[in-house]
Amino acid sequence: MKHIDEYRDPELSRKIVDKIRAISRKRVRLMEVCGTHTMAIFRSGIRALLPETITLLSGPGCPVCVTSQQEIDAFIKVARVKDVIVATFGDLMRVPGTHSSLQKERAKGKEIQIVYSAFDALDLAESNPQKDVVFLGIGFETTAPTIAASIMEAEKRELDNFSVLSAHKLVPPALSALMTADDVRIDGFICPGHVSVIIGTRAYVPVVEKYHIPCVVSGFEPADILQSIYMLVKQTETGDATLENEYRRAVAFEGNKKARQIMYKVFEPTDARWRGIGTIPQSGLKIRREFDSFNAEKRFDLSVPDSKEPKGCACGEILMGMKTPPECPLYNEVCTPSHPVGPCMVSTEGTCAAYYKYDA
Amino acid sequence: MSIDKILLDHGSGGKASHSLIADLLVPEFENPILAQLDDSAIFDIEGKRLAFSTDTYVVDPIFFPGGNIGDLAVNGTVNDLAMCGATPLYLSVGLIIEEGLSMADLKKILKAMREAARKADVLIVTGDTKVVPNGAADKIFINTSGVGLIPEGTNISGHNARPGDKIIISGTIADHGITVLTQREGMTFESPIQSDTAPLNHMVREMIAASDQVHALRDPTRGGVGTSLNEIAAQSKVGIKIYEEALPIREEVSGICELLGFDPLYVANEGKLLAFVGPDVWEKVLETMKASEYGKDACIIGEVVADSPGKVFMKTRIGSTRIVNMLTGEQLPRIC
């Protein structure tokens, strides 16, 4: 991990801040799309160092936050099926559905296990042959290839008690949706690092060209983020709109072709509903028909009624950069990390949780 | 959605645990000794000041690199007593054993307890054993209680930190929590990390002997350094400033934290202490700690300030300042 330290060098960061201050004239709104960036920005206190011309907005890049309430309801429904063990990433535990959460279901005795990878869920299925293990597949292009690989492995191991409930989301369609939404004003995107390792910088070319918006793929260390902000500010000052890659040590133009092949062997794009934003065409992943036997939606009846998101919760507007958490009437009043109303307060990478943890 | 059941968050050591204690337990048993809410209860009996503390251990897995549930249970109560400046003397042990635990495992745990008691120089003088049916407990749970004597003139409490105090940590943080986590859930990290479980009472005795200006001590166990600092800031009604650069974290621990999205400030320690020491004597106390077996890596991580009472701030590596809040729930691994 040593190589990272140079990006944490206070001297380097200070120099970049000076450079930003020297060139920033216009008022700009820059969106960090990814939740990991949001947390890094708060942890290192980047906002406080920037000139007031620059506003940072947190985008829809926290997988838990954009999971729709109905998807959560379906997760809860499957947890209530007899002889089912639900395997999930820990982040999902506290997210409220319409009437319950996985955490509450676990307290009531439902079998819900936190795993760190879909492959742990496979092992769980293998060691519990009398049970049905359902893995809750959420996340972006970062996690989807591994989950696809776990399905292929399940097929190889001939497991008949393992399935995935896919609620994956794709990043580029969300950026397009933001650019076409009313009332959204964004002058540049800090594009996610981990996602881009898989999809490559090439994935943002259409967004840059179609909407004439500056995009910089960024790493996660303070100096990475500051440098990306500098690159975006430079573009906005000169009126440029190009695609740049600050995170060259990890991200290539082509991305990881092999990972994408695995991902698209098992999944295919589908329309998906994003929490607070609504349905975005071709922005999700569903399991292909060839893998039906590993598709939890085919194995169980997981249809859930349409449900309204909680009244007053501004998660949607926050995810789109239209509001900041303190502008939500529920923030820090009825909605806190111990009693979250919306997912942005639940996930460790949620914008509201970040504001609460570092600003409250 | 109101909460009508106990959730794992209530045991995290963070905000939910604190509100459970403050809203439910303290009002039920209300008395001035309990109200202090230090690591041990402190009271006088016939002219002697005593410290009395209890703790229950439910760690999973029960064996981990660097120790097991046995030495953890002894060291934990020894340290809770030591954090009040007491000399720990006698311990009780309650064992809740799940039917089916192997005799060899039990012997190994008892042996670790004996060895830990010997190192800490305490006697285990009474105990109780219960066996419950398979599934009613997870292998073994251990409760230890202990009493200790507070030397005359010693007044160490979470209420006593004051502006100007330097804050010393006795060594690297987050080792225990990350060790246990990586042993759990079948995570396969090849790493040399070990739990830091250790008795701190001898070091505390030497620190007190070195200076009468050790104002507050706390072992940042469950909830980690971040939670302990918030507790002291609230109890002492002072502000706390720490420096990100100064926090001692092993490279491997920091790497795993990055990977899982954990903040090492909130990860448990079992053999570390935070000391709040007067500005004129910190060097002497720090030297004393460094000379002690469990304080070799001791260093200053921050200071107590007069403004913003009850709040903890961190000066970040890149020169900004941010708040360090209390943990609000179990830290859960992130997914990307």
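Couple of notes before you dig in:
- Test for B:Gly158: is it more than 30 Å from B:Arg250 (Cα to Cα), open to solvent by less than 10 Å² (accessible area, probe 1.4 Å) and under 23 Å from the mean Cα position of the chain (by Cα): no
- Counting only strands (runs of 3 or more DSSP E) that sit completely within region A:40-122, those holding 3 or more residues that are under 23 Å from the mean Cα position of the chain (by Cα) and more than 12 Å from chain B (Cβ to nearest Cβ) correspond to A:54-61.
- Only one of the numbered conditions (1) under 21 Å from A:Ala48 (Cα atoms); (2) in contact (Cβ under 8 Å) with a residue 60 or more places away in the chain is violated by A:Pro192, and that is (1).
- When A:Leu330 is tested against the conditions (1) open to solvent by less than 10 Å² (accessible area, probe 1.4 Å); (2) at negative phi, the lone failure is (1).
- Answer from A:Pro310, A:Pro337, A:Pro343 - the residue that is surrounded by 15 or more Cβ atoms within 10 Å (Cβ to Cβ), farther than 29 Å from A:Met152 by Cα and touching a Cys at 6+ places or on another chain (Cβ under 7 Å): A:Pro343
- Residue match in region B:65-86 (condition: in contact with a His (Cβ under 6 Å, 6 or more places away or on another chain) and open to solvent by 20 Å² or more (accessible area, probe 1.4 Å)): no
- Single residue of region A:323-346 satisfying the filter (charged (D, E, K, R) and touching a helix residue (DSSP H, G or I) at 6+ places or on another chain (Cβ under 9 Å)) that is farthest from the other protein chains (Cβ to nearest Cβ): A:Lys323
- If you go through region A:285-312 and keep only what is within 23 Å of the chain's Cα centre (by Cα), part of a helix (DSSP H, G or I) and among the charged types (D, E, K, R), you end up with just A:Glu297.
- Of all residues in region A:268-281, those satisfying the criterion of being touching a residue at least 40 places away in the same chain (Cβ under 8 Å) and touching a Ser or Thr at 6+ places or on another chain (Cβ under 7 Å) are A:Ala272, A:Arg273, A:Trp274, A:Arg275.
- Note on region A:126-149: residues that are surrounded by 23 or more Cβ atoms within 10 Å (Cβ to Cβ) and either in a helix (DSSP H, G or I) or touching an Asp or Glu at 6+ places or on another chain (Cβ under 6 Å) (or both) amount to 3.
- Residue check for A:Ile147: closer than 26 Å to A:Val346 by Cβ, at the interface with another protein chain (Cβ under 9 Å from one of its Cβ atoms) and touching a helix residue (DSSP H, G or I) at 6+ places or on another chain (Cβ under 6 Å): no
- Taken over region A:262-301, the criterion of being among the hydroxyl-bearing types (Ser, Thr, Tyr) and closer than 15 Å to A:Phe140 by Cβ is satisfied by A:Tyr264, A:Thr270, A:Ser283.
- From the list B:Glu206, B:Glu245, B:Glu231, B:Glu252, the one residue that fits, being open to solvent by 30 Å² or more (accessible area, probe 1.4 Å), assigned to a helix (DSSP H, G or I) and within 19 Å of B:Thr316 (Cβ to Cβ), is B:Glu245.
- For region A:179-247, no strands (runs of 3 or more DSSP E) sit wholly inside it while including 3 or more residues that are surrounded by 19 or more Cβ atoms within 10 Å (Cβ to Cβ) and among the aromatic types (Phe, Trp, Tyr).
- Those strands (runs of 3 or more DSSP E) of region B:1-116 in which 1 or more residues are within 26 Å of B:Gln183 (Cβ to Cβ) and outside the structural domain of B:Gly177 (by TED's automatic domain parsing) occupy B:48-57, B:87-98.
- Listed by first and then second residue, the pairs with beta-carbon distance under 6 Å, at least 6 apart or on different chains, first residue in region A:116-137 and farther than 15 Å from A:Ala149 by Cα, second small (Gly, Ala, Ser), are A:Leu124/A:Ala87; A:Val133/A:Ala87; A:Val133/A:Ala121; A:Val133/A:Ala125; A:Val134/A:Ser163; A:Val134/A:Ala296.
- Number of positions in region B:306-326 that are more than 9 Å from every other protein chain (Cβ to nearest Cβ) and open to solvent by 10 Å² or more (accessible area, probe 1.4 Å): 8
The values are calculated or read from the model by the stated rules, or taken from the named source; none is laboratory data. As the structure is a computational prediction, the values presented were derived from the model and not from experiment. A quick note on method: Cβ atoms are made from the backbone with ideal geometry, for glycine too, and the neighbour counts reach across all protein chains shown. Quick note on the areas: whole protein, heavy atoms, side chains included, nothing else; ligands and nucleic acids left out. Shrake-Rupley method; radii C 1.70, N 1.55, O 1.52, S 1.80 Å.
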